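These notes are about the structure you will find just below.
Taken together, the values in this text are just the output of simple stated rules run on the coordinates, not laboratory data. Keep in mind it's a predicted model, so treat the numbers as computed, not measured. Note that each Cβ is placed from the backbone with ideal geometry, even for glycine, and that neighbours are counted across all protein chains shown.
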Amino acid sequence: MAEEETVENSEKEAIAPISFDDFMNVELRTAKVLEVEPHPKADRLWLLKIDGGDEQRQIVAGVRSHYTADELLGATIVVVWNLQPATIRGVESKGMLLAVQDGEVVRLLGPDGKVAAGCRVG
């Protein structure tokens with residue numbers, strides 16, 4: 001793909017291409033959801049304690065209007081593991097789960113079968 005070309009997402013926003021080397025710097029891995037709590041300052045956010053294989057951490061996920069705590073608990077999800085930590089409404093998040101949105105429908109990305117926490121995606 002030429003540098004001047006762009007890729008469009010479902011909302012028709014132009015997104016600049018990245019190099020293969022840049023993509024290889026993104027660590028996607030599987031994680032198991034261990035705990036689910038409502039965010040104390042946001043009705044649309046969950047606080048998820050996840051197991052990424054070698055470490056447990058907390059992420060803030062904006063899927064509360066699409067998934068119940070029971071649906072998330074025990075799920076294996078795909079997470080951007082090496083994302084710089086961010087504070088979201090006063091709570092630190094160390095990663096980001098991956099999901100797809102098709103209109104009003106949101107679905108988490110994950111393996112299509114049972115895999116261990118901490119498996120590298122790619």
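Tell me the trypsin sites (Lys or Arg not before Pro) within the stretch 50-122 that lie in a loop according to DSSP and have at most 16 other beta-carbon atoms within 10 Å.
Taking the stretch 50-122 and a limit of 16 other Cβ atoms within 10 Å, the loop trypsin sites (Lys or Arg not before Pro) found are ARG89, LYS114.
Quick check: residue separation of LYS114 and ASP70 times 0.36 nm, minus the Cα distance between them. What number comes out in nm?
14.0 nm
Can you give the calculated 222 nm mean residue ellipticity of the chain, where each DSSP H run of n ≥ 4 adds -39,500 (n - 2.57) and the sum is split over every residue, rounded to the nearest 500 deg cm²/dmol?
Calculated mean residue ellipticity at 222 nm is -1000 deg cm²/dmol.
Quick one: how many lysine pairs does the chain have with C-alpha atoms less than 18 Å apart and a gap of 8 or more or different chains? Give me the count, please.
The result is 6.
Quick one: plug the Kirkwood hydrodynamic radius of the chain (C-alpha pairs) into Stokes-Einstein at 4 °C, 1.567 mPa s, and report D in µm²/s.
Taking Rh from Cα pairs, D becomes 83 µm²/s.
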